[in-house]
Amino acid sequence: MKDLEQLFSHRRKHAWQKGLRYATLIAKTLQVFPLFALLLLYFGYKAFLQWMPADFPASLLMAILLTGVLTQTKHRTFAQPADPYFLLPAGAVVQKYFREAFRYNLIMEIGKTLLWMLFFSPLYLVKIGEASEFTLAIVLILLLKGWNLILFRLAIISGTPTFSGWLRGGSNLLILMWLFDGRYLIVLIPLALIWMGLLFFHYQRHTPPAHLIPWEEWISRERQTVSTYYRFASQFIEVPQVGNEIRIRKWVSFVEKFVPKQTKNTYLYLYLRTFLRYSEPFGASLRLTLVGAVILLVFQPSWLPAWIVLLVMLLGTGIQLPWIRHHHNFQPWFRLYPRPEQQKRTDLGKLMGTLLISQSFLVLLIQPQLWYFPLTWGLPLLLLSSGVAWLIGCVWLPKKH
Amino acid sequence: MLDIKHVTGGYSPQHPVIHDISFSVKPGEMVGLIGLNGAGKSTTIKEILGFLQPTSGTISVDGLTLKEDPDRFKRHLAYIPETPYLYPELTLREHLELTAMAYSLEESQWRPRMDSLLEEFQMTKRLEWYPTTFSKGMRQKVMILCAFLIQPKLLIVDEPFIGLDPLAIHSLLNHMITLKNQGTGILLCTHVLATAEKHADRFVLLREGQIALQGTLSEMQTQAGLPTASLDDLFVHVAKENGL
């Protein structure tokens with residue numbers, strides 16, 4: 001029974017260890033990319049604050065964004081499919097388990113909200129109010145977050161999470177708009193507390209007794225949460241729990257004809273089909289190409305920002321491509337083909353280089369800027385991005401994989 | 001053809017699974033590798049294929065070790081694993097094409113061979129199908145087709161009969177016998193002792209990672225002191241000696 005009493009902390013620890021292992025693997029894959037993204041975010045945010053006109057509705061923007069943060073609430077229980085059967089006789093322990101789960105989620109949600117507030121602090125201090133008002137706002141927002149979590153949990157137990165989501169969302173938006181407006185706060189606070197209390201008592205009255213646990217709902221939510229994490233991780237590394245489905249894309253099969261069926265192309269023949277016919281990394285490459293093209297098309301940045309966008313796109317695509325080879329590592333035939341071991345790497349390099357160069361061409365050739373300013377914008381970018389695509393695809397990545 | 005001399009190995013040098021194993025497969029010979037679950041059959045096969053590194057001893061195919069010339073070593077052998085591992089992204093036709101490309105087969109050579117194999121294993125209509133639509137037996141047939149397309153000097157077959165329909169088993173055995181008659185050495189790992197006894201020329205009976213009995217059926221009968229024993233009796237005898 002002692003073990004059962006520690007079940008929640010045991011599962012929480014296990015989940016964190018697993019999460020950290022995946023985070024380490026992802027960090028190894030991404031290398032300097034997160035630092036690069038952080039720098040981009042920092043400079044982008046700074047530029048946004050400088051650009052913001054005096055009449056910019058910063059209060060409204062912040063209220064809307066924070067409404068999302070507060071309404072989007074997670075309540076992890078680490079519940080397992082076998083729990084309803086094995087934990088059935090342990091009623092008191094199960095109650096303790098769920099109390100611990102609630103405490104854990106409260107800490108996590110408060111932590112997440114504080115991080116968001118930290119992120120929004122420059123916007124608030126530049127456009128909305130002073131530090132003392134911001135501190136009061138944080139207190140009220142954390143209180144709101146706790147209330148959201150309690151209501152979310154009660155709504156799951158009583159089986160009405162969707163309606164509760166809308167109700168909470170509306171309440172959050174109204175309270176936040178009033179809060180950031182800054183007027184009549186003396187009225188807002190008691191009114192908000194009364195409204196929050198009323199909703200809490202309403203939900204509590206309609207909640208079934210504590211011993212009736214909605215196991216299926218908790219298990220299903222836990223499965224969805226874990227799947228979301230796995231899907232996210234699978235964008236960077238191979239996650240066995242996430243099935244990478246086969247998707248036959250007839251519209252692109254003409255590309256296969258460019259690789260002659262010769263011994264020297266053995267692995268290239270296989271890699272090309274692996275790339276074209278699995279849902280990923282083809283899907284991710286396509287998405288990155290589209291996003292890169294749209295950013296350049298809409299913002300029409302000057303040479304340097306355009307080059308940064310291209311580099312991020314090429315790196316983001318490139319780091320996903322070595323999966324094409326690793327994916328086959330345990331296929332017995334792949335290990336038995338009487339071909340030089342080196343060919344596995346060179347063929348991968350050929351494919352990655354061609355894909356990345358084609359990507360930079362695709363993105364740049366549709367830019368009107370390339371045709372208007374071919375010598376100052378288009379050609380230098382085309383040459384530089386092709387060169388870097390070749391370096392990433394044919395030199396750097398094959399060396400590492 | 002295949003020479004295994006004093007091979008010890010497994011998944012870690014501290015805990016070897018097979019100990020000091022020596023046997024050979026000559027050209028035109030079928031050798032049955034048999035033993036209880038966990039006796040070391042699959043480990044022996046993995047050591048031969050180079051998936052595991054032996055801690056001591058040598059494995060050579062046609063006088064060549066994997067280290068000396070990996071490409072030529074691999075060129076000589078084909079493997080049909082117990083579990084059919086296919087490329088989900090390739091059609092049956094592409095599996096065969098890829099095999100032909102990897103083994104540098106001339107189209108004039110492999111194309112007629114492919115057509116006849118497809119017909120024999122009743123897979124002609126499924127040439128453009130992807131493995132996700134195949135039953136386990138069909139998947140096994142794809143492995144068999146690719147192995148026979150190569151016409152190797154050494155064929156290693158691990159439990160090939162599971163999941164196959166009787167007609168496919170018949171075709172598989174016929175092809176194995178044809179290959180054997182053409183000079184291919186075959187190492188057949190199976191629990192279907194009656195088939196092994198009928199078709200294999202010699203046997204290697206493993207017990208706890210060591211060779212318990214080895215040779216023709218009559219040689220093993222003499223070694224065990226059971227002159228009239230069938231392969232099945234010898235297997236049970238060795239297993240019981242093991243205290244099971």
How many residues of region B:115-130 are within 13 Å of another protein chain (Cβ to nearest Cβ) and within 22 Å of the chain's Cα centre (by Cα)? The answer is 0
If I filter region B:30-46 for residues that are touching a helix residue (DSSP H, G or I) at 6+ places or on another chain (Cβ under 9 Å) and more than 14 Å from B:Gly209 (Cα to Cα), do I get at least one hit?
yes
Over region B:27-37, the set of residues in contact (Cβ under 8 Å) with a residue 12 or more places away in the chain and part of a loop (DSSP other than H, G, I, E, B) is B:Pro27, B:Gly28, B:Glu29, B:Leu36
Going through region B:30-54 in order, the residues found to be small (Gly, Ala, Ser), within 14 Å of chain A (Cβ to nearest Cβ) and over 11 Å from the mean Cα position of the chain (by Cα) are B:Gly50
Residue hits (region B:123-137; under 28 Å from B:Asn181 (Cβ atoms) and at pLDDT 90 or above) are B:Met123, B:Thr124
Filter region A:255-277 for residues that are within 7 Å of chain B (Cβ to nearest Cβ) and in a loop (DSSP other than H, G, I, E, B); the one that is surrounded by the most Cβ atoms within 10 Å (Cβ to Cβ) is A:Lys261
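Residues checked against (1) surrounded by 17 or more Cβ atoms within 10 Å (Cβ to Cβ); (2) in contact (Cβ under 8 Å) with a residue 40 or more places away in the chain; (3) not small (Gly, Ala, Ser):
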site: B:Phe134; (1), (2), (3): yes, yes, yes
site: B:Met138; (1), (2), (3): yes, no, yes
site: B:Lys141; (1), (2), (3): yes, no, yes
site: B:Ile144; (1), (2), (3): yes, yes, yes
site: B:Asp158; (1), (2), (3): yes, yes, yes
site: B:Ile162; (1), (2), (3): no, yes, yes
site: B:Ser171; (1), (2), (3): yes, yes, no
site: B:Lys180; (1), (2), (3): yes, yes, yes
site: B:Thr184; (1), (2), (3): yes, yes, yes
Check: Do the conditions hold for A:Leu304, that is, is it assigned to a helix (DSSP H, G or I), free of Cβ contacts under 8 Å to residues at least 60 places away in the same chain, surrounded by fewer than 18 Cβ atoms within 10 Å (Cβ to Cβ) and on the phi < 0 side of the Ramachandran plot?
Finding: yes
The helices (runs of 4 or more DSSP H) lying entirely within region A:1-72 that contain at least 1 residues which are without any contact (Cβ under 8 Å) to a residue 40 or more places away in the chain, loosely packed, with under 11 Cβ neighbours inside 10 Å and on the phi < 0 side of the Ramachandran plot are A:2-5, A:7-30, A:33-51
When every residue in region A:325-376 that is within 10 Å of chain B (Cβ to nearest Cβ) and under 21 Å from A:Phe282 (Cβ atoms) is compared, the one surrounded by the fewest Cβ atoms within 10 Å (Cβ to Cβ) is A:Gln331
_When you scan region B:225-237, do you find a residue that is of a type outside the set (Asp, Glu), under 29 Å from B:Trp110 (Cβ atoms), surrounded by fewer than 21 Cβ atoms within 10 Å (Cβ to Cβ) and touching a residue at least 12 places away in the same chain (Cβ under 8 Å), even just one?_
no
Across region A:40-58, the tally of residues that are farther than 30 Å from A:Leu311 by Cα and touching a Leu at 6+ places or on another chain (Cβ under 9 Å) stands at 1
* Asked: Does A:Leu199 satisfy the condition of being of a type in the set (A, V, I, L, M), touching a residue at least 12 places away in the same chain (Cβ under 8 Å), under 18 Å from A:Phe134 (Cβ atoms) and touching a Leu at 6+ places or on another chain (Cβ under 7 Å)?
  -> no
Looking across region B:55-112 at residues that are more than 11 Å from every other protein chain (Cβ to nearest Cβ) and part of a loop (DSSP other than H, G, I, E, B), the single one that is farthest from A:Leu268 (Cα to Cα) is B:Thr55
Note on region A:117-154: residues among the β-branched types (Val, Ile, Thr), buried (at least 16 other Cβ atoms within 10 Å of the Cβ) and more than 17 Å from A:Leu185 (Cα to Cα) are A:Ile150
Scanning region B:207-218 residue by residue, those out of contact with any helix residue (DSSP H, G or I) (no Cβ under 6 Å at 6 or more places or on another chain) and touching a residue at least 12 places away in the same chain (Cβ under 8 Å) turn out to be B:Glu208, B:Gly209, B:Gln210, B:Ile211, B:Gln214, B:Gly215, B:Thr216, B:Leu217
- Task: May I ask you to verify whether B:Ile4 is within 22 Å of B:Leu179 (Cβ to Cβ) and assigned to a strand (DSSP E or B)?
- Result: yes
Scanning region B:186-206 residue by residue, those without any contact (Cβ under 8 Å) to a residue 60 or more places away in the chain and among the polar types (S, T, N, Q) turn out to be B:Thr195
B:Leu86 passes all but one of the listed conditions (1) modelled with pLDDT of 90 or more; (2) under 15 Å from the mean Cα position of the chain (by Cα); the exception is number (2)
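The values are calculated or read from the model by the stated rules, or taken from the named source; none is laboratory data. These figures come from a predicted structure and were not determined experimentally. Using ideal geometry, Cβ is built from the backbone for each residue, glycine included, and neighbour counts are taken over all protein chains shown.
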